[in-house]
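Everything on this sheet refers to the single structure shown next.
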Amino acid sequence: MSIAPPFDRLPSLNALRAFEAAARLGSFRRAADELMVTPGAVAAQIKALEAEFGAELFHRQARGVTLTALGQRVAPRFSAAFDALGGAVRELRRHAAPRKVHIVTSPALAQLWLAPRLLHLRAALRDVDISVTALEEPPDLKRTPFDLCLFYAEPGPDKITLWDEQLLPVCIPGLAEALADPADLATVNCISDVVWQDWRIWAASAMPDSPVIPTGPGFSLYAVAVQEALSGAGVLMGRQSLIQPHLNCGALVAPFDRPVPLGLSITAWMLPESRNDRVVIAVANGLRQIAGDMG
């Protein structure tokens, strides 16, 4: 009777993933954000991994965590292993569903830029199944099921610039009548996205001699801020690509002819391996085409 060699049981994949993410990002909280779990769950997974091997992987301090010597030694190998695993999964997904492309973008771009263009994109690429997911920050494409990122970003050699964004205050025509000069913004509500610094950027360029930064209500969803402007609640700092349809129909107007470059562009990018994927490239080129046609 033959005796099989003992099987080296692997630790929990979730625990290994939690360790790798925390080691790569330098934070349990950031690892939790990436893995879409709580920081407590990440900490518990790593604690269980340390208990299983009887060795510490992180030093825990009031200001955060740092890798131990052992953690530093093994972290790069786990990162390489998860990169390889992710690559294998992407290859499997691509061959199993070669006509599917998954775009990840921000909520604002998904709602106000991409959604109005999807009909035209699908009409141009009738045999491609296009899905869209909205996230606040660009994900690591090597660790996620997405094929194409679409976010505001600085231009780069491996990125496709779709639109160089401009900032300009906008409001309903009735409110614009009371705004003869940018200094008049001090008398009205100035609506903004709570994350973006668009009012500060615009004021620094358009009102360099004014110490006042326009202030007012902020919203975590830019689409809500746009609706507030359409209702007459105040002046919105508009990103031109996102509010252009409302300018075209006259629902919103720009009281001052002072557009200011944001310094970021609507940008698409993909993993290097996807540059040889004709379907992903077709979607990227389709986005570039409709950005120009509908700009």
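The numbers here are math on the coordinates, done by the rules we state, and not lab data. Worth saying up front: this structure is predicted, and the values here are computed from it rather than measured. Virtual Cβ from ideal backbone geometry, glycine too; neighbours counted across all protein chains shown.
Its DSSP H runs of at least 4 residues, each contributing -39,500 (n - 2.57), put the calculated 222 nm mean residue ellipticity of the chain at -13000 deg cm²/dmol, to the nearest 500.
Is the C-alpha gyration tensor of the stretch 1-159 telling us rounded, prolate or oblate? Criteria: a/c under 1.5 is rounded; beyond that, a/b larger than b/c is prolate, otherwise oblate. Oblate. So what is the relative contact order of the chain, in percent, for Cα pairs below 8 Å that sit 6 or more residues apart? Result for the chain is 20 percent.
Just the number: Rg to Rh for the stretch 1-90, Cα atoms, Kirkwood Rh, two decimals.
My calculation puts Rg/Rh at 1.05.
Treating cross-link reach as a plain straight distance, find the aspartates and glutamates whose alpha-carbon is under 14 Å from the alpha-carbon of LYS47, omitting any fewer than eight places away in the same chain. Here the aspartates and glutamates satisfying the reach criterion relative to LYS47 are GLU20, GLU56. Bridging of LYS159 to lysines at a Cα separation below 26 Å is possible for LYS100, LYS142, once same-chain residues fewer than 8 apart are set aside. Distances between every pair of Cα atoms in the chain, grouped in 5 Å steps from 0 to the bin holding the largest one, split as 1, 5, 10, 12, 12, 11, 11, 11, 9, 7, 5, 3, 1, 1, 0, 0, 0, 0, 0 percent.
Helix 278-294: angle to the longest alpha-carbon principal axis of the chain, degrees 0 to 90, nearest 10? Roughly 10 degrees between the two axes. Of all DSSP-defined beta bridges confined to the chain, some 60% are antiparallel rather than parallel. Judged by the mean number of other Cβ atoms found within 10 Å, the most tightly packed of the peptides 231-241, 255-265, 124-134 leads the ranking 231-241, 255-265, 124-134. Sequentially through the stretch 87-98, phi angles give Karplus couplings (6.51, -1.76, 1.60; θ = phi - 60°) of x, 5, 5, 4, 5, 4, 5, 5, 7, 6, 9, x Hz, Gly and Pro residues having no value and appearing as x.
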